[in-house]
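Step one of this worksheet: look at the structure below.
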Amino acid sequence: MDRAWNFSAGPAALPEAVLRQAQADLLDWNGSGASVMELSHRGKRFMELAAATEERLRRLMGIPANYRVLFLQGGATQHFAQIPMNLAPRDGSADYIVTGVFSRKAVSEAAHHVNANVAATSEADDFRSLPPRDTWRLDPSASYVHYTPNETIRGLEFHDVPDVGDVPLVADMSSNILGAPLDVSRFGLIYAGAQKNIGPSGLVVMIVRDDLLERAPQPIAKILRYAEQAKNDSMLNTPNTWGWYLAGLTFEWIEGQGGLAVMGERNARKSATVYAAIDGSDGFYRNDVQRSARSRMNVSFVLHDTALDAVFLQESEAAGFIGLKGHKAIGGMRASLYNAVSEPAVDELVKFMRDFAARHG
Ligand code: PMP
């Protein structure tokens, strides 16, 4: 069976080597006589895997010692609500930078648990740009500032970490974690749903600074409290063991490829290749995102004639491509170029795009 050229936004392509390892391990993992899914999370084998996986992520990202790494559940969306519960008093406030559908969801979920202020937004231009830093109305007494470094739907990315002074910076990195080197010490809390650059859905990786774990601003259930998860090594209840295992394989694969510097260079080349095909198409394809904020992970584009959308999808699928349909919120196409999407896959895509434009232009 042939593997498709997979450009899905998430759940998304995983490295083939990771899938092959998982396949080989499925019936008998690590000499245990069982799949990792069939073993206790409290057993020696899984505990070792969990610790080694965290260590690998710490090495990969250079996570400082005063940060904890948590392996949680609920998807990024659940943490839109849980983050304010853990970091801010109910009558306190938090600042949100709204640059797309996901940051808008984050602020609306947070609003149930804190006074969530939109300190800056680019909604007026339908999230095609980033609000300039000097227009942000930040409150120095806010409990935190939340932003979305990469908006998955439009493909809009911050290429620098914004300076927000002493207020802890919270980042939803669901669609760009591990895509390039990062200075973790600039953040108070980083969280990401795993289903793009890490592994399967149903796992959330969180990196949180110790002093934020000491905050206990709201009376919430123990299961919702990050400090309790930290105290229990993310095993307050049964964790997503399969997701944790696959995340470990992906981290190992990234290390083997040369780490985040190599991922960053590759992702820059891959996205530059697709943007060049769009910009060089004489208007057949168009990307409307502010150039300096174009995403390296999700490249959205529209065809000059929307009547061709269905034809593009049909022909691309017949040619072996999947996941190119844009999000329903904006239509058009989107090529997601996460770490597991290879440079040859991207070359095939732009070849197809040029050929399609030649035939239908
Ligand atoms: N944030 C971003 C940036 C996303 O791309 C997504 C999902 N595509 C989410 C949040 C929501 O994630 P989940 O479905 O895991 O809750």
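The values are calculated or read from the model by the stated rules, or taken from the named source; none is laboratory data. Remember, predicted model here, so these are calculated numbers, not experimental data. Note that each Cβ is placed from the backbone with ideal geometry, even for glycine, and that neighbours are counted across all protein chains shown. Remember, those area values only see protein heavy atoms, side chains included, never the ligands or the DNA or RNA. Shrake-Rupley method; radii C 1.70, N 1.55, O 1.52, S 1.80 Å.
At-a-glance table
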read-out: Compactness of the chain, expressed as Rg and Dmax over alpha-carbon positions, Å; value: 20.8, 62
read-out: Three-way shape label, the stretch 65-203, alpha-carbon gyration tensor, a/c 1.5; value: rounded
read-out: Rg and Dmax [Cα atoms of the stretch 103-146; Å; Rg one decimal, Dmax integer]; value: 11.1, 30
read-out: Cα centroid of the stretch 188-233 to Cα centroid of the stretch 90-114, whole Å; value: 17
read-out: Protection proxy ranking of 249-262, 3-16 - average other beta-carbon atoms within 10 Å, highest first; value: 3-16, 249-262
read-out: Over 13 Å [Cα-Cα, the stretch 255-308], rounded percent; value: 63
read-out: Ranking by accessible area, most exposed first, for His79, His360, His159 with a 1.4 Å probe; value: His159, His360, His79
read-out: Straight-distance crosslink candidates among lysines, where the alpha carbon sits under 20 Å from Lys270 and sequence neighbours closer than 8 are dropped; value: Lys196, Lys325, Lys351
read-out: Derived scalar couplings ³J(HN,Hα) [the stretch 291-302; Karplus, 6.51 cos²θ - 1.76 cosθ + 1.60; whole Hz; x for Gly, Pro]; value: 4, 6, 10, 5, 6, 7, 9, 10, 9, 9, 8, 10
read-out: Hull shadow area, averaged, the stretch 1-154 [alpha-carbon convex hull, nm²]; value: 13.2
read-out: Charge dipole (debye, nearest 20) of the chain; +1 at Cβ of Lys and Arg, -1 at Cβ of Asp and Glu; value: 340
read-out: Candidate lysines - alpha carbon under 19 Å from Lys231, same-chain residues fewer than 8 apart omitted; value: Lys44, Lys222
read-out: Ranked packing of 38-44, 124-130, 107-113, most packed first, by mean Cβ within 10 Å; value: 107-113, 124-130, 38-44
read-out: √(5λ) per eigenvalue of the Cα gyration tensor, the stretch 12-71, largest first, Å; value: 24, 17, 9
read-out: Distance histogram in 5 Å bins (all Cα pairs of the stretch 145-240, percent per bin); value: 2, 11, 21, 23, 20, 14, 8, 1
read-out: Of all DSSP beta bridges in the chain, antiparallel share, percent nearest 5; value: 55
read-out: Solvent-accessible area, 1.4 Å probe, carbon plus sulfur percent, for the stretch 219-328; value: 51
read-out: Full-stretch length increase - Ile322, Glu343 - with 0.36 nm per residue and alpha-carbon distance subtracted; value: 6.0 nm
read-out: Projected area, mean over directions - the stretch 259-360, Cα convex hull, nm²; value: 6.5
